[in-house]
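Visitor: Pasting in a structure now, in structure tokens, and then I'll have a few things to ask.
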Amino acid sequence: MSEIEYVTFDQVNVEDFIAIVNEEALRAHLIDHPLFDRSSLRMWMEDKIRVDAIQGCRIRAVYINGFLAGWCGIQPDKDGFELAIVISQRFWGFGISIFKSLLSWAKEAGHKEVLFHFLDSRPEYKALIKMACKIHKTKLLGRNFTTYYIPVG
């Protein structure tokens, strides 16, 4: 059985994270942005640490079997709180387990509903369609998303 560990960003080495967040297969499913260098990644990580301090939010690096896999979290969204799972292609099969952890965190935080934005590069997910109380197309930062509204608890 695989072990998934969640740690705060202040426990993660920037050097370990840079190859993951710049991975081409991963970036194909994210909003376009320049590749990270040490400085820009450090600033981005500091911003995520600030988000983690907001009530109702939780941002964590994800380690799977001792290897840094990426990050996940609950963060503010203009319509409430959104879930984020950003992990290296090598670990894509772990998304469901991470998603379940996020829903548990959302319940602990008292959220009634969370949003999950999937870039139009991703297929529809039947399990999310069944879970969602509402689904619609969203345009964020010039890109098209499918937004799933997931009831918590």
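Every read-out reported here was derived from the displayed coordinates using simple, explicitly stated rules and does not represent laboratory data. These numbers come from a predicted model, not from an experiment. Because the Cβ atoms are built from the backbone with ideal geometry, glycine has one as well, and the counts that use them run over all protein chains shown.
Visitor: List nothing, just return the count: lysine pairs in the chain, 8 or more apart or interchain, with Cα separation under 25 Å.
Guide: Here the count comes out as 29.
Visitor: I need the phi-derived Karplus couplings for the range 127-134: 6.51 cos²θ - 1.76 cosθ + 1.60, θ = phi - 60°, integer Hz, Gly and Pro marked x.
Guide: Ordered by residue, 3J(HN,Hα) equals 5, 5, 4, 5, 6, 5, 8, 7 Hz.
Visitor: Sticking with this structure for a sec: Classify the range 85-137 as rounded, prolate or oblate, taking a ≥ b ≥ c as the square roots of the eigenvalues of its Cα gyration tensor: rounded when a/c is under 1.5, otherwise prolate if a/b is larger than b/c and oblate if not.
Guide: Oblate, since a/c reaches 1.5 and b/c is not below a/b.
Visitor: Separate question: Check which residues have an amide H placed less than 5 Å from residue 77's amide H, if you skip close sequence neighbours.
Guide: When sequence neighbours closer than 5 places are left aside, the close amide H contacts are 82.
Visitor: Related question: Based on Cβ point charges of +1 for Lys and Arg and -1 for Asp and Glu, what charge dipole magnitude is obtained for the chain about its Cα centre, in debye rounded to the nearest 20?
Guide: Working: 19 positive and 19 negative charges, 125 e Å.
Roughly 600 debye, rounded to the nearest 20.
Visitor: Moving on. Just to verify a number: FRET efficiency for residue 137 and residue 44, C-beta to C-beta distance, R0 = 25 Å, to 0.05?
Guide: 0.35
Visitor: Just one of (1) 14.9, 41; (2) 23.7, 76; (3) 24.2, 73 is Rg and Dmax of the Cα atoms in Å as worked out from the coordinates here. Which one is it?
Guide: (1)
Visitor: Projected area of the range 49-106, taken from the Cα convex hull and averaged over every viewing direction, in nm²? All intermediate terms of the calculation are to be shown ahead of the outcome.
Guide: Values: hull surface 16.8 nm².
Reported value for the Cα convex hull: 4.2 nm².
Visitor: What list of ³J(HN,Hα) values in whole Hz, one per residue of the range 77-84 in order, does the Karplus curve 6.51 cos²θ - 1.76 cosθ + 1.60 (θ = phi - 60°) give from phi, with Gly and Pro shown as x?
Guide: 9, 4, 9, x, 10, 10, 8, 9
Visitor: Here's something else I'd like to know. Over the range 4-151, what is the relative contact order in whole percent, taking alpha-carbon pairs under 8 Å and six or more residues apart? List each step's numbers first, then the result.
Guide: Details: 233 pairs, mean separation 29.1, N = 148.
Dividing the mean separation by the residue count of the range 4-151 yields 20 percent.
Visitor: Follow-up. Residue 68's amide H: which non-local residues (gap 5+, or another chain) put their own amide H closer than 5 Å, with H modeled 1.01 Å from N in plane and none for Pro or chain starts?
Guide: Residues meeting the amide H criterion: none.
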